[in-house]
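**Q** To start, I am sharing the structure in question, which I have written as structure tokens.
The values are calculated or read from the model by the stated rules, or taken from the named source; none is laboratory data. Since the model is a prediction, treat every value here as computed from it, not as a measurement. Backbone-built Cβ (ideal geometry, glycine too); neighbour counts: all protein chains shown.
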Amino acid sequence: MKKPYTFWVLGGDMRQVYLSRLLRADGHSVATYATGQTDAADLDGLTRADCVIFPLPVCSAPGLLSAPLSGTDHPIDPLLARLHPGQLLCGGRPDSDTLSRFAVRGLALTDYFALEELTVSNAIPTAEGAVQLAMEHLPVTIHDLPVLVLGYGRVGRVTARRFAALGAAVTVAARRPEQQVWAQTEGVSARPLPLSHKDLEQFGLVVNTVPAPVLDRDVLTRLSDSCLIIDLASAPGGLSPDCRSECSARVIHALALPGKVAPMSAAGYIRDAVYRLLAAAENNP
């Protein structure tokens, strides 16, 4: 990989702040925009960037760069007008509106969050953040706590391990039989999804990782009133829309936990993913 590169880091939360610092520490030239730091005043420099890194997610609303630290709105179209197809443009979880804005200008946006190594790495601070929230909001120890983890993908698997390591009595609910067997081989109980209503009242904590309404009215009414639900899933989350207002259990919608609980680690994961994309671009000019 040739060095140094010229990077621009646009918008985002503390992950992008730490990302710019990590890139500078590696000897690269880095300019930032809408990060709440000392940002570049002249956007013309975007044209000369080797790599432009958009946040995760890229946009907070149609046409608006996700920039929660800047305190103001930043339309994305004026930024795109300064870019050209020869640059590596990468961002996390772009929606269809964002992709279309790039496409009409002949620009290709690479989703760095689509890299398996990044999503797996991101599962670690997500799971640790769920443990932190449980400790902050429950009046009991994690040890011996009956915990139900919904889903056994990347985040569900790491989350189940973290709670089990602290002595919780973990049950995993997963759709595929092989996922249930994998959970059992790792020393936790398993049951199928969709959930049956048997023994749901025993759980003091439910952690959802499934981005679908797996927590419907019948399930919610059978949970204890003292149960805490931590929903880690991306929109629309795991609660059925028709019963969110009726849910008596406490619900925490915990999105973007890596950027909140471990932004420096999460920034390192993004940096490594971007370096892989740059290396691939060099090898396939």
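**Q** Can you tell me how many residues in segment 220-246 are surrounded by fewer than 19 Cβ atoms within 10 Å (Cβ to Cβ) and hydrophobic (A, V, I, L, M, F, W, C)?
**A** Qualifying residue count for the region: 2.
**Q** Any chance segment 50-57 includes a residue that's surrounded by fewer than 23 Cβ atoms within 10 Å (Cβ to Cβ) and within 20 Å of the chain's Cα centre (by Cα)?
**A** From segment 50-57, those surrounded by fewer than 23 Cβ atoms within 10 Å (Cβ to Cβ) are 50-51, 57; that's our starting set.
The next check asks that each one be within 20 Å of the chain's Cα centre (by Cα); those that pass are 57.
Checking segment 50-57: at least one residue is surrounded by fewer than 23 Cβ atoms within 10 Å (Cβ to Cβ) and within 20 Å of the chain's Cα centre (by Cα).
**Q** Do we find a residue being among the polar types (S, T, N, Q) and either without any contact (Cβ under 8 Å) to a residue 60 or more places away in the chain or farther than 17 Å from residue 189 by Cα (or both) anywhere in segment 133-149? Before the answer, list the steps.
**A** So in segment 133-149, the residues among the polar types (S, T, N, Q) come out as 141.
With the extra rule that they be either without any contact (Cβ under 8 Å) to a residue 60 or more places away in the chain or farther than 17 Å from residue 189 by Cα (or both), the set shrinks to 141.
Yes, the conditions are met somewhere in segment 133-149.
**Q** Considering only residues of segment 257-272 that are of a type in the set (A, V, I, L, M, F, W, C) and buried (at least 23 other Cβ atoms within 10 Å of the Cβ), which is nearest to the chain's Cα centre (by Cα)? Working first, answer last.
**A** We begin by selecting, within segment 257-272, every residue of a type in the set (A, V, I, L, M, F, W, C); these are 257, 261-262, 264, 266-267, 270.
Still in the running and buried (at least 23 other Cβ atoms within 10 Å of the Cβ): 266-267, 270.
On the way: 266: 10, 267: 12, 270: 11 Å.
In this case the residue turns out to be 266.
**Q** Could I ask something else about it? Take residue 197 and decide whether it is assigned to a loop (DSSP other than H, G, I, E, B) and touching a Lys or Arg at 6+ places or on another chain (Cβ under 7 Å). Write out each step before concluding.
**A** Working: assigned to a loop (DSSP other than H, G, I, E, B): yes; touching a Lys or Arg at 6+ places or on another chain (Cβ under 7 Å): yes.
Here the answer is yes, as residue 197 does meet what is asked.
**Q** Sticking with this one: With respect to residue 37, is the statement that it is of a type in the set (S, T, N, Q), in the same structural domain as residue 279 (by TED's automatic domain parsing) and in contact (Cβ under 8 Å) with a residue 40 or more places away in the chain true? I'd like the intermediate steps shown before the answer.
**A** Values: of a type in the set (S, T, N, Q): yes; in the same structural domain as residue 279 (by TED's automatic domain parsing): yes; in contact (Cβ under 8 Å) with a residue 40 or more places away in the chain: no.
Spelling it out, it is not the case that residue 37 is of a type in the set (S, T, N, Q), in the same structural domain as residue 279 (by TED's automatic domain parsing) and in contact (Cβ under 8 Å) with a residue 40 or more places away in the chain.
Yes/no matrix, rows are residues, columns are (1) over 15 Å from residue 271 (Cα atoms); (2) assigned to a strand (DSSP E or B):
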| residue | (1), (2) |
| --- | --- |
| 8 | no, yes |
| 16 | no, no |
| 21 | no, no |
| 35 | yes, no |
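**Q** Of these, 131, 172, 181, which one is hydrophobic (A, V, I, L, M, F, W, C), assigned to a helix (DSSP H, G or I) and either crowded, with 17+ Cβ neighbours inside 10 Å or not assigned by TED's automatic domain parsing to the domain that holds residue 235 (or both)? Full working, then the answer.
**A** Numbers: 172 fails: assigned to a helix (DSSP H, G or I); 181 fails: either crowded, with 17+ Cβ neighbours inside 10 Å or not assigned by TED's automatic domain parsing to the domain that holds residue 235 (or both).
Checking each option against the conditions leaves just 131.
**Q** Of the residues 98, 110, only one is surrounded by fewer than 22 Cβ atoms within 10 Å (Cβ to Cβ), hydroxyl-bearing (Ser, Thr, Tyr) and either at pLDDT below 95 or over 24 Å from residue 226 (Cβ atoms) (or both); which? Can you show your working first?
**A** Details: 98 fails: surrounded by fewer than 22 Cβ atoms within 10 Å (Cβ to Cβ).
The match here is 110.
**Q** Pairs only if they're at least six apart or on different chains, beta carbon under 7 angstrom, first in segment 195-217 and over 20 Å from residue 253 (Cα atoms) and in the same structural domain as residue 143 (by TED's automatic domain parsing), second assigned to a strand (DSSP E or B) and not aliphatic (A, V, I, L, M); list them, first residue then second.
**A** As it stands, the answer is 202/146, since those pairs meet every condition given.
**Q** Would it be correct to say that residue 217 is surrounded by fewer than 16 Cβ atoms within 10 Å (Cβ to Cβ) and touching a Cys at 6+ places or on another chain (Cβ under 8 Å)?
**A** When the stated conditions are applied, residue 217 passes them.
**Q** For segment 1-21, how many residues are among the hydrophobic types (A, V, I, L, M, F, W, C) and either more than 20 Å from the chain's Cα centre (by Cα) or loosely packed, with under 14 Cβ neighbours inside 10 Å (or both)? I'd like the intermediate steps shown before the answer.
**A** Residues of segment 1-21 among the hydrophobic types (A, V, I, L, M, F, W, C): 1, 7-10, 14, 17, 19.
Checking which are either more than 20 Å from the chain's Cα centre (by Cα) or loosely packed, with under 14 Cβ neighbours inside 10 Å (or both) leaves us with 1, 7-8.
Adding up the residues that qualify gives 3.
**Q** For segment 23-33, which residues satisfy the criterion of being buried (at least 16 other Cβ atoms within 10 Å of the Cβ) and more than 15 Å from residue 267 (Cα to Cα)? Quick ask: steps written out before the conclusion?
**A** Step one: filter segment 23-33 for residues buried (at least 16 other Cβ atoms within 10 Å of the Cβ), giving 23, 28, 30-33.
Residues satisfying the conditions are 28, 31, 33.
**Q** Can you tell me which of (1) β-branched (Val, Ile, Thr); (2) free of Cβ contacts under 8 Å to residues at least 60 places away in the same chain; (3) touching a strand residue (DSSP E or B) at 6+ places or on another chain (Cβ under 6 Å) is the one residue 185 doesn't meet?
**A** All conditions pass for residue 185, except number (3).
**Q** Right, here's the next one. Would you point out which residue out of 83, 115, 150 is farther than 25 Å from residue 212 by Cβ and buried (at least 17 other Cβ atoms within 10 Å of the Cβ)? Outline the logic, then answer.
**A** Values: 115 fails: farther than 25 Å from residue 212 by Cβ; 150 fails: farther than 25 Å from residue 212 by Cβ.
Of the residues listed, the single one that is farther than 25 Å from residue 212 by Cβ and buried (at least 17 other Cβ atoms within 10 Å of the Cβ) is 83.
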